[in-house]
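The values are calculated or read from the model by the stated rules, or taken from the named source; none is laboratory data. Everything quoted here is computed from the prediction, not taken from an experiment. Here the Cβ positions follow ideal geometry from the backbone for every residue, glycine too, while neighbour counts run over all protein chains shown.
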Amino acid sequence: MATNPQQFPVSMRLFHWLVAAMVLTMLGIGVTMVVSLAHYHQLISIHRPLGILLLIFVAIRFVNRQFSTLPPFPATVSPRERFIASWAEILMYTLLFVQPLVGWGMLSAARYPIVLWGGLHLFPILPHSAMLYAALRKVHTVLAYLLFLAIIAHFGAVLVHTWIVRDRFFSRMAPWRVRAR
Amino acid sequence: MPSDETSSTENQPAPLSERRKLARLAGIGVVILCVAGAFLYLGGWFSPYELTQARFVNGFQKVYGFHSGFRRNHAKGVGVTGFFDSNGQGTHLSKAVVFQTGRVPVIGRFSFGGGNPYVADTPEAIRGLGLQFRLRDGEEWRTAMINRPVFMFNTAQAFYDNLIASQPDPNTHKPDPEKIAAFAASHPEFVQATKIIQSQKVSSGFDNSAYNSLNAFRFIDAAGTSTPVRWMMAPVQPFAPVSATGATEGTKDYLFDALIASIHQHPLQWHLIITIGQSGDPTDDATIPWPEGRQQVDVGTLTLDTIESEETSPARVINFDPLVLPVGIAPSDDPLLSPRSAIYSQSFTRRAGEKEVPSAITPSDVQK
């Protein structure tokens, strides 16, 4: 079966949905664990290794993107929208790289042992400083909200194109194969 | 960046009518509100009365006032350092590195329960000992213990309700006896635990107090077998009743001063005693003691030989989170453990970003 040139390559679609699922899970866990008492320990025990896994996946995804052929924008996407979409992508990648690093960095600054699973620990990447921890802890929250807003905006834009402009925009990144027409 | 090439538009369906367009736009709005709403729900935005980390810590600030840079509970304290010599007996129960024969460096902190960093010393106040065992490869064991055989509360909600109930009345400067009575009436486990605590003789100082883990944990051995345990730091310093120290009482920091004098005289030591629970012993209720006669294992000796003011001590920036555990020690099903970890972390996060104010025990106090 020939691949549809209007769809992103399989590898890019796979990474997109994998990372999307992980990011939404991380945001959900994050927003829950900062208020939870009973489930805090369980949630943070998932949040730490999943964050590192996400960092690894985002790195692989970014490399994969550099070696992939991207489908063209449909004609229904205006030059202004293309400009916004391009910058939104840069913003999203930046957030996806920086957010796990800030998480790792803040635990390093607090000198918490950064337990992944069992005896596997991450080394600290920043000097021991309570003030630095406090600042990065705030940054982690702000970036999480920014990431959430970016995802909502991206999701809204795709829905507008797919349901209102009806240019089959969603099918470009659909997890399933869509036949060309 | 995406390419600027454009694909054909020949299969474009006919545009929607204005009404349909609006309806679909509204649909998109609903979908997005649902997603945002789900996250707000998870973040507790729709449950304003549920006890959260922030509300719990606000409770401490409400009752004890805001003290910049200090722990929200166990605010008054001093830092200590020393080491733990393991005798190897613990390896039968747990594969944790800390129990292998040998020495591990320790940073600790003695404290009083409560959120006032300048409170006057009293023998009745809860004495706390937080410890951080620094194992190899960045592994750590942190524990926060107090000189009570059992804890007064078995849930975070009960702790919080008692905290709020015992808030001093602005006019009498004393807790409202009616509120205390109402709390006791609805918490028989609190009454029972208080009886056990009051039946114990209080020792004269920090140095001859026993410190208990309160919560149960699980030790995991090399074969993966899990054993329910509680632990205690049993003092080598001989017991002396409170009244024996009458001569030094009266000064505001007399218990801390006595600790400083004691540690300057000779290093202080405790035996780490592991109590092994049997099936049926409650691991999920810190207010209930385990039956007498449970097997106890002395796994090593803690030696504390230096003391420092919080201003210079590395203990100040340690969060003695009881769930920072090495491989070989795991949490039990005690419902207090996760809330303790959460609330300690919230307190740490807040104070880490605040201006540090000199503590009651100054660097010159510890030179004496």
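Structure data summary
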{"item": "Filter pass, residue A:147 being more than 12 Å from every other protein chain (Cβ to nearest Cβ) and part of a helix (DSSP H, G or I)", "result": "no"}
{"item": "Filter result for the condition that a residue is away from chain A (no Cβ under 14 Å), closer than 17 Å to residue B:314 by Cα and not charged (D, E, K, R), over B:75, B:165, B:125, B:120", "result": "B:75"}
{"item": "Qualifying residue in the stretch A:18-41 (condition: surrounded by fewer than 15 Cβ atoms within 10 Å (Cβ to Cβ) and either at pLDDT below 95 or more than 30 Å from residue B:56 (Cβ to Cβ) (or both))", "result": "yes"}
{"item": "Residue pairs meeting the criteria (Cβ under 6 Å; at least 6 apart or on separate chains; first not assigned by TED's automatic domain parsing to the domain that holds residue B:337, in the stretch B:213-229; second among the aromatic types (Phe, Trp, Tyr))", "result": "none"}
{"item": "Matching residues, the stretch B:190-209, being more than 20 Å from the chain's Cα centre (by Cα) and outside any loop (DSSP other than H, G, I, E, B)", "result": "B:191, B:192, B:195, B:196, B:198, B:203"}
{"item": "Leading residue by the ranking (nearest to residue B:229 (Cα to Cα)) among those in the stretch B:327-349 that are in contact (Cβ under 8 Å) with a residue 60 or more places away in the chain, touching a strand residue (DSSP E or B) at 6+ places or on another chain (Cβ under 9 Å) and facing chain A (nearest Cβ under 8 Å)", "result": "B:331"}
{"item": "Residues within the stretch A:131-181 that are closer than 24 Å to residue B:27 by Cα, touching a helix residue (DSSP H, G or I) at 6+ places or on another chain (Cβ under 7 Å) and of a type in the set (Ser, Thr, Tyr), tallied", "result": "1"}
{"item": "Among residues of the stretch A:1-20, those that are within 18 Å of residue A:144 (Cα to Cα) and either among the aromatic types (Phe, Trp, Tyr) or within 14 Å of chain B (Cβ to nearest Cβ) (or both), counted", "result": "1"}
{"item": "The stretch A:39-84, subset out of contact with any Asp or Glu (no Cβ under 9 Å at 6 or more places or on another chain), in a helix (DSSP H, G or I) and farther than 29 Å from residue A:104 by Cα, residue farthest from the other protein chains (Cβ to nearest Cβ)", "result": "A:80"}
{"item": "Residue within the stretch B:101-111 that is closer than 26 Å to residue B:230 by Cα, touching a residue at least 12 places away in the same chain (Cβ under 8 Å) and within 13 Å of chain A (Cβ to nearest Cβ) present", "result": "yes"}
{"item": "Looking only at the stretch B:203-241, and only at residues there that are aliphatic (A, V, I, L, M) and surrounded by 17 or more Cβ atoms within 10 Å (Cβ to Cβ), the one that is farthest from residue B:327 (Cα to Cα)", "result": "B:210"}
{"item": "Residue match in the stretch B:311-322 (condition: more than 14 Å from chain A (Cβ to nearest Cβ) and under 21 Å from residue B:96 (Cα atoms))", "result": "no"}
{"item": "Residues of the stretch B:47-69 satisfying the condition of being surrounded by 14 or more Cβ atoms within 10 Å (Cβ to Cβ) and within 13 Å of chain A (Cβ to nearest Cβ)", "result": "B:51, B:52, B:53, B:54, B:55, B:56, B:57, B:58, B:59, B:69"}
{"item": "Residue match in the stretch A:90-97 (condition: facing chain B (nearest Cβ under 10 Å) and at pLDDT 95 or above)", "result": "yes"}
{"item": "Flag for residue B:299 being crowded, with 21+ Cβ neighbours inside 10 Å, modelled with pLDDT under 95 and more than 10 Å from every other protein chain (Cβ to nearest Cβ)", "result": "no"}
{"item": "Any pair with Cβ under 7 angstrom, 6 or more apart, that starts in the stretch B:4-23 at a residue that is at the interface with chain A (Cβ under 7 Å from one of its Cβ atoms) and ends at one that is modelled with pLDDT under 80 and surrounded by 10 or more Cβ atoms within 10 Å (Cβ to Cβ)", "result": "B:11/A:181"}
{"item": "Residue under evaluation residue A:177, criteria (1) away from chain B (no Cβ under 11 Å); (2) over 22 Å from the mean Cα position of the chain (by Cα); (3) under 30 Å from residue B:17 (Cβ atoms), criterion not met", "result": "(3)"}
{"item": "Residue B:86 among the hydroxyl-bearing types (Ser, Thr, Tyr) and within 12 Å of chain A (Cβ to nearest Cβ)", "result": "no"}
